[in-house]
């Protein structure tokens, strides 16, 4: 199956629709030319409503961390965005529910196989972490982010850029001082011809 056919199938996917409060609306950004992959959890409600990935406060912070403008971030030739679940999973007791498992098992390997040029995978959230770095799934987030050099320059685990993580960011000033400058340098080096 070629990339166009695969993306068409993904856009029409409804395998988990019976479990979704707002119905199925897969949201990804994909092009085989992409050189950076953002592997997140699942779209939030605002992303579901607009159909634009990271079109929220989390996205604003993530773009700032990466040192990218909106145009650069939403250029699918630069950035592929594949959350673990492509549709909004609904609200839980303390934030959104986890991504539906059906999505990753149905699509992830097929899509990743169509991304031959990825130089950096940015991992956001424990579900993406468990998939992309399975040997680390029991490590606490802070420990994993602190050991970022172990996976560098191919992988980078970040705290979720959500405003809900403001407390974590305040408790861990080393992240802004040590990690963020390296991220933007790496992103620029990948995307600059």
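The values are calculated or read from the model by the stated rules, or taken from the named source; none is laboratory data. For clarity, every value in this text was computed on a predicted model and none was experimentally measured. Here the Cβ is made from the backbone with ideal geometry for all residues, glycine too, and neighbour counts use every protein chain on show.
What to note about this one:
- Segment 162-187, residues that are closer than 17 Å to residue 121 by Cα and modelled with pLDDT under 95: 184
- Meets criteria (within 14 Å of residue 85 (Cα to Cα) and more than 17 Å from the chain's Cα centre (by Cα)) for residue 24: yes
- For residue 115, the conditions (1) outside any loop (DSSP other than H, G, I, E, B); (2) in contact (Cβ under 8 Å) with a residue 24 or more places away in the chain; (3) within 14 Å of residue 39 (Cβ to Cβ) are fulfilled apart from (1).
- Test: residue in segment 133-144 that is modelled with pLDDT under 95 and in contact with a strand residue (DSSP E or B) (Cβ under 6 Å, 6 or more places away or on another chain): yes
- Residue selection: residue 127 fails the criterion of being in contact (Cβ under 8 Å) with a residue 40 or more places away in the chain, within 18 Å of residue 81 (Cβ to Cβ) and either surrounded by fewer than 11 Cβ atoms within 10 Å (Cβ to Cβ) or touching a strand residue (DSSP E or B) at 6+ places or on another chain (Cβ under 6 Å) (or both).
- Residue, surrounded by the fewest Cβ atoms within 10 Å (Cβ to Cβ), within segment 4-50, restricted to residues that are in contact (Cβ under 8 Å) with a residue 40 or more places away in the chain, part of a helix (DSSP H, G or I) and touching a helix residue (DSSP H, G or I) at 6+ places or on another chain (Cβ under 9 Å): 19
- Selection from segment 81-110 of residues that are touching a helix residue (DSSP H, G or I) at 6+ places or on another chain (Cβ under 8 Å), at pLDDT 95 or above and assigned to a strand (DSSP E or B): none
- Considering residues of segment 131-155 that are more than 20 Å from residue 180 (Cβ to Cβ) and assigned to a helix (DSSP H, G or I) only, the residue farthest from the chain's Cα centre (by Cα): 135
- Test: residue 122 is touching a residue at least 24 places away in the same chain (Cβ under 8 Å), closer than 27 Å to residue 178 by Cβ, assigned to a loop (DSSP other than H, G, I, E, B) and under 15 Å from the mean Cα position of the chain (by Cα): no
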